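We did not get these values from a lab; they are worked out from the coordinates using the rules stated. Keep in mind that this is a model prediction, so the values were computed, not measured. Here the Cβ positions follow ideal geometry from the backbone for every residue, glycine too, while neighbour counts run over all protein chains shown.
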Amino acid sequence: MFVGPCSTKMKEAQKPMQSQNTSSSQYEVHVERQVSIPMTDGTILRADVYRPSNPGCYPVLIERVAYELAERCRYAGEYYASRGYVVVGQNVRGRFASEGDFIPFRDDGWSEHRDGYDTILWAGKQPWSNGVVGMLDGSYSGGTQYLLTPTQPDFLKALFVREGMSDIYHDFVFRGGAYQLALHRGWAINATLAHLRQNVLPKTASALALLEQAAKNVDDWHRHLPLTACPPLEGLADWYFADLAHSEDGPYWWPTSLSQRFHEVNVPILHLGGWFDVFLGSTLRCFQGIRAKGKTEECRSNQRLIIGPWIHGPNQIGEPVVGELNFGPQAAFDLFDYRLHWYDYWLKQVPNGIMDGPAVRVFLMGINRWVEAESWPLPDTTYQPMYLQAGSGQTAASLNNGLLAFEQPASDEQAESFLYDPMAPIESLLTYPFLGPKDHRSIEGQMLTYTSHPLEQDLTVIGPVKAVLYGTSSAPDTDWVVRLCDVWPDGRSMSVCDGILRARYRDSLTEPTLMHPGQIYRFEIDLQATAQVFQAGHRLRVEVTSSDFPRYDRNLNTGEAFDTGDRGQVANNTVFSGGSRASHILLPICSL
């Protein structure tokens with residue numbers, strides 16, 4: 001079996017390096033709530049401000065978020081303020097006590113309203129500020145960090161982005177052209193409900209009751225068709241329906257796409273993510289893009305990347321048990337302490353060693369240890385295809401029990417077909433927030449599987465993963481879902497990474513084209529990335545299907561707009577292998 005080389009510059013690290021030279025907890029904390037911060041257009045945004053009680057000027061940390069401030073920002077506010085920082089937790093435009101209309105992320109970047117830019121300038125000029133500003137946390141507030149960077153406000157010195165989205169079309173609403181139903185609709189319902197609970201008026205009482213029921217019965221609203229009909233959000237979240245109306249990438253989304261402006265970024269950023277985080281693609285894309293295209297060499301060289309074996313959320317960082325696997329004590333990571341070292345270095349000039357060592361630190365699953373490298377993807381990685389083949393994969397109870405092998409069949413083989421009924425989709429085991437590695441045997445009987453022989457030696461896979469399928473369908477449109485699994489000797493089929501592609505977007509996310517039923521097409525599916533050692537005695541498995549519901553909406557197979565259809569048709573979907581139609585998965589192979 002072929003195993004390609006990996007850079008000799010990659011080395012093992014016991015854990016992300018931390019120094020003992022750091023700020024200590026020494027201050028009582030004063031809290032000022034509902035502080036008014038004026039934007040350039042006169043809109044008032046409000047914030048909670050946590051300050052050391054001792055008079056003086058301090059560096060400032062800002063979190064800009066769409067959630068309730070006391071619950072969201074209290075712990076971080078007290079933690080960093082007690083260590084000599086001012087922490088500003090601010091509600092974005094239109095959320096809770098902040099004025100204006102809420103449209104997620106539209107006013108946080110470089111458009112007409114530059115609320116992040118205005119907030120940084122305000123903070124740098126306050127009497128308790130020493131004119132040095134950083135930003136805090138992740139997810140939504142990771143997005144507000146990323147989108148602010150092209151505006152290059154004075155005073156901003158460093159960012160630490162935990163699991164942040166940076167391209168709202170690709171990260172939050174769609175993926176591979178498929179609608180991220182559970183994530184986008186679920187968030188819209190819960191976020192709108194939280195806001196309405198804080199602003200109950202007689203005229204909104206009935207809307208509140210409807211939203212309460214929707215949150216309790218969210219599965220019903222996942223199944224409800226057409227998607228444009230969502231009464232709990234009507235009149236309360238116009239932005240949600242506007243998002244649905246723009247299923248193609250294009251000008252509507254570009255004001256919330258940092259990828260187009262990497263060359264305007266000029267600030268050090270630590271990008272922290274998880275292999276099973278819903279925004280993993282964003283974390284990797286931003287590190288790689290800014291390191292390659294950032295405005296100055298200083299900016300490019302001061303990007304850092306850490307990826308652990310985690311799912312989404314601050315409380316999940318450093319947890320050893322993720323999904324159905326335990327990654328052991330090596331997965332431990334003190335987010336608050338590490339972040340403090342980062343801020344102490346950049347905002348207080350403390351020589352604590354946080355920037356020493358390689359730029360990339362990733363957790364290698366399977367053998368559960370950290371490795372370091374100078375770049376992502378790792379230097380000298382070899383991309384090796386494993387081919388989907390007809391034949392016995394030995395034990396997979398699936399529709400075809402195919403074989404996965406490094407050897408390419410010389411001639412075309414018999415195609416493998418399956419029926420996909422959108423009214424009876426395969427239920428996802430990885431719906432947000434219940435992510436992480438899961439045993440997929442319970443649903444593999446409904447899909448095609450291709451399984452390798454047991455490995456004779458460890459196989460190390462670190463980097464981006466993609467699948468290439470040659471296929472056809474009886475329908476003008478359908479979805480292709482591909483998942484890579486690690487099959488243990490006891491039979492568990494543990495998910496590693498996966499991806500989806502809506503067939504109409506096979507050539508372009510801006511100009512979709514339907515298929516001609518029966519014609520064979522090439523489909524390239526992005527499975528994002530992983531760092532996984534498939535151990536000797538284990539096997540690799542590739543699953544192929546057409547639904548992962550409600551993680552993604554059901555492709556109704558009709559070719560009509562995804563958001564207006566209310567009934568589907570069954571599709572007969574076919575995968576080819578061998579010869580000129582050699583469907584395969586492309587693995588980034590390294591050796592340690």
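Sorted ascending by nearby beta carbons within 10 Å, beginning with the fewest, 22, 472 become 22, 472.
Once you divide the Cα radius of gyration of region 396-496 by 2.2 N^0.38 Å, the number left is 1.18. Pairwise inverse Cα distances across region 146-207, averaged and inverted, put the Kirkwood hydrodynamic radius at 14.8 Å. Averaging the sequence gap over all C-alpha pairs within less than 8 Å and six or more residues apart, then dividing by the number of residues, gives region 182-244 a relative contact order of 41 percent.
For the chain, which longest stretch is free of loop sites, where a loop site is one of the GluC sites (Glu not before Pro) that DSSP puts outside H, G, I, E and B and that has at most 13 other Cβ atoms within 10 Å? Of all site-free stretches, the longest is 113-323.
The magnitude of the dipole of the chain, with charges of +1 and -1 set on the Cβ of Lys/Arg and Asp/Glu and taken from the Cα centre, is near 920 debye. With contacts taken as Cα pairs under 8 Å at a separation of at least 6 residues, the chain carries a relative contact order of 16 percent. Where both bridge residues fall in region 382-590, DSSP classifies roughly 95% of the beta bridges as antiparallel.
When all alpha carbon pairs of region 118-184 are counted in 10 Å bins from zero, the resulting P(r) reads 20, 40, 24, 12, 3 %. Which entries in the list 125/157; 125/293; 216/438 go over 23 Å, if you measure between the two C-alpha atoms of each? From 125/157; 125/293; 216/438, over 23 Å: 125/293; 216/438.
The longest part of the chain holding none of the exposed loop trypsin sites (Lys or Arg not before Pro), meaning those outside H, G, I, E and B in DSSP with at most 16 other Cβ atoms within 10 Å, is 126-566. Overall form of region 262-390: oblate. Here a/c, set by the Cα gyration tensor axes a ≥ b ≥ c, is 1.5 or more, and a/b is not larger than b/c.
Largest first and in whole Å, the equivalent-ellipsoid semi-axes of region 172-284 read 30, 17, 15, each the square root of five times a Cα gyration tensor eigenvalue. Tell me the net charge near residue 106. Cut-off is 10 Å between Cβ atoms, residue 106 excluded, with +1 for each Lys or Arg and -1 for each Asp or Glu. Once positives and negatives cancel, what remains is -4.
When region 398-504 is described by a simple charge dipole with +1 on each Lys and Arg Cβ and -1 on each Asp and Glu Cβ, the residue from 417, 430, 447 located farthest towards its positive end is 430. When region 236-337 is described by a simple charge dipole with +1 on each Lys and Arg Cβ and -1 on each Asp and Glu Cβ, the residue from 270, 309, 326 located farthest towards its positive end is 270.
Work out the charge dipole of the chain with +1 on the Cβ of Lys and Arg and -1 on the Cβ of Asp and Glu about the Cα centre, then indicate which of 49, 571, 366 is farthest towards its positive end. Result: 49. Over the Cα atoms of region 60-147, the radius of gyration divided by the Kirkwood radius equals 0.95; this is the Rg/Rh ratio.
In this entry, region 274-317 is assigned a mean projected area of 3.1 nm², taken as a quarter of its C-alpha convex hull surface. I'd like the orientation of helix 205-216 relative to the chain: the angle between its Cα long axis and the longest Cα principal axis, in ° from 0 to 90, rounded to 10. That helix lies at roughly 50 degrees to the long axis. Close amide-amide hydrogen proximity is noted between residue 381 and 7, each under 5 Å apart and 5 or more residues distant or on a separate chain (H modeled in the peptide plane; Pro and chain starts excluded). Which whole-number percent gives the relative contact order of region 382-590, counting Cα pairs below 8 Å spaced six or more residues apart? Reported relative contact order: 36 percent.
Charge dipole (Cα centre; +1 on Lys/Arg Cβ, -1 on Asp/Glu Cβ; no other charges) of region 260-392 amounts to roughly 380 debye.
Basic side chains Lys and Arg get +1 at the Cβ, acidic Asp and Glu get -1 at the Cβ, and with that the dipole of region 182-244 about its Cα centre reaches some 140 debye.
Each residue in 468, 88 was given a count of other beta-carbon atoms within 10 angstrom of its own, and listing them fewest first yields 468, 88. Arranged from fewest to most other beta-carbon atoms within 10 Å of their beta carbon, 169, 450 become 169, 450. DSSP beta bridges fully contained in the chain are about 70 percent antiparallel. The alpha carbons of region 382-590 give a radius of gyration and a Dmax of 16.3, 51 Å, in that order.
Seen through its C-alpha gyration tensor, with square-root eigenvalues sorted a ≥ b ≥ c, region 182-244 comes out prolate because a/c lies at 1.5 or above while a/b is bigger than b/c.
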